[in-house]
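Here's the structure, in structure tokens; my notes come after.
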Amino acid sequence: MRELERSRREFVGADQGWSEAGVNSATTPQVSIPLARPILGEAEEQAVIEVLRSGVLSLGPRLAAFEQAFAEQVHAPLASAVSSGTAGLHLALRAVGLEQGDEVVTSPFSFVASANAVLYEGARPVFADIDPITLNLDPQAAAAAVTERTRALLPVHIFGYPADMPAFEGLAQRQQLAIVEDACEALGATHADGTPVGGRGHPAVFGFYANKQLTTGEGGMIALADPLLKERIDSERNQGRAPDMGWLDHDRLGFNYRLSDIACALGLVQLERLPGMLSDRAAVASLYRQALAGIEGLELPCSDRGGDVRGWFVFVVQLPRGVDRDGVVHRLAASSIQSKPYLPAIHLMSFYRERFGHREGQFPVCEDVAARSLALPFFPSMTEGEVARVAAVLSDAL
Ligand SMILES: *Cc1c(COP(=O)(O)O)cnc(C)c1O
């Protein structure tokens, strides 16, 4: 049976309308269905209280414990905790040697952070189109985008569906490129060969914002295999301090990307909850599939194929072509159901257009998907009745 009853009882988290958290919940708190809602209970409260009472709020014992437990979860030899997924992408790209003027081939159909992290280092995100089924970076398009300036590949496991890593690993080997994986949406996903996403050896970055599969409020983790890379990341997240140096000695440029012990304590409890939360998410996805099956022209997230297994993060549908998406969002909102166009194409965002001269038509698959995709409410404690309500209003709106 699903963990639903327990989840409901333990739920203390507020609705998560993602970055616009709780926008609708103030007006109709009882019946609104949020986009996301974390599972937080007494165990989390207790863990946080213990850290507070210990007086060691950062760089304490929970940091290494959370890193080790997380590494085991994704079958990675090592892991480094950081203050966000974005910070993790930044440090992972630095660790693989990204320098000013380099190019990184990546997906335009992602959360903007994956491309922004490349810009932090004065490097250039070079986009390539996506696969129309999995919505992940298309390996052939990526290969065609490689130039002599390309330093790394940055595939994104979008919506928790595993990117085609064997293909990217082949490309990286042929062209001598580094790989950093944006696994911020993919905790719990598995590749066809049985490797969990994050366990293939190259740095893979996870995020722990409150809508993700596991949350520490804010936070992130880099799973990796190379101890030298971990040493650099651990130093750079902590102001460039070497582990054996005094507090005010710094032998390289660093940042403050530390994850507090309060957050690590939350993460440890959430890891224990993870199997239940993941299977609840998968169960809600099945309910959606059944409830939405009859709506003509509506495209659902692709089923697992070829042995790859999705780690469910969001439930994003693609509306039939020609449908007024904003109108659908408003219809859902009128029934207190949150939804969100997700994701917009990065290359068409004004900042990227102006900086790089991007224009419509460059990545047609991405643009078509981005114009039609809509994230529906999706969280582990979502009930069959709530799914049915979303489906009914959506069906009506279409
Ligand atoms: C959430 C997310 C990030 C960034 O994570 P933060 O913890 O919010 O910085 C990066 N990439 C993708 C694809 C994400 O979904």
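The values are calculated or read from the model by the stated rules, or taken from the named source; none is laboratory data. None of these values were measured; they are calculated from a predicted model. As a convention, Cβ positions derive from the backbone with ideal geometry for all residues, glycine included, and neighbour counts pool all protein chains shown. Note: accessible area is taken over every heavy atom of the protein model, side chains too, but ligands, DNA and RNA are not part of it. Shrake-Rupley method; radii C 1.70, N 1.55, O 1.52, S 1.80 Å.
What to note about this one:
- Of all residues making up segment 164-186, the number that are within 11 Å of the ligand (Cβ to nearest atom) and either in the same structural domain as F313 (by TED's automatic domain parsing) or assigned to a loop (DSSP other than H, G, I, E, B) (or both): 4
- Residue count for segment 332-383, restricted to those that are among the small types (G, A, S) and under 20 Å from A145 (Cβ atoms): 4.
- Within segment 192-210, the set of residues being touching a strand residue (DSSP E or B) at 6+ places or on another chain (Cβ under 9 Å), open to solvent by 10 Å² or more (accessible area, probe 1.4 Å) and in a loop (DSSP other than H, G, I, E, B) comprises A192, G199, R200, G201, H202, A210.
- Output for segment 117-153, where each listed residue is open to solvent by 40 Å² or more (accessible area, probe 1.4 Å) and within 20 Å of the chain's Cα centre (by Cα): Y120, D131, P132, I133, D138
- Condition met for A293 (out of contact with any Gly (no Cβ under 6 Å at 6 or more places or on another chain), touching a residue at least 24 places away in the same chain (Cβ under 8 Å) and more than 23 Å from A69 (Cα to Cα)): no
- Being under 20 Å from A189 (Cβ atoms) and more than 17 Å from the chain's Cα centre (by Cα) is a description that applies to A76.
- Matching residues in segment 333-367 - criterion: being open to solvent by less than 20 Å² (accessible area, probe 1.4 Å), of a type in the set (A, V, I, L, M) and more than 30 Å from L274 (Cα to Cα): A345, I346
- If you go through segment 75-130 and keep only what is among the hydrophobic types (A, V, I, L, M, F, W, C) and within 10 Å of the ligand (Cβ to nearest atom), you end up with V82, A87, L89, F109, F111, V112, A113, A115, A117.
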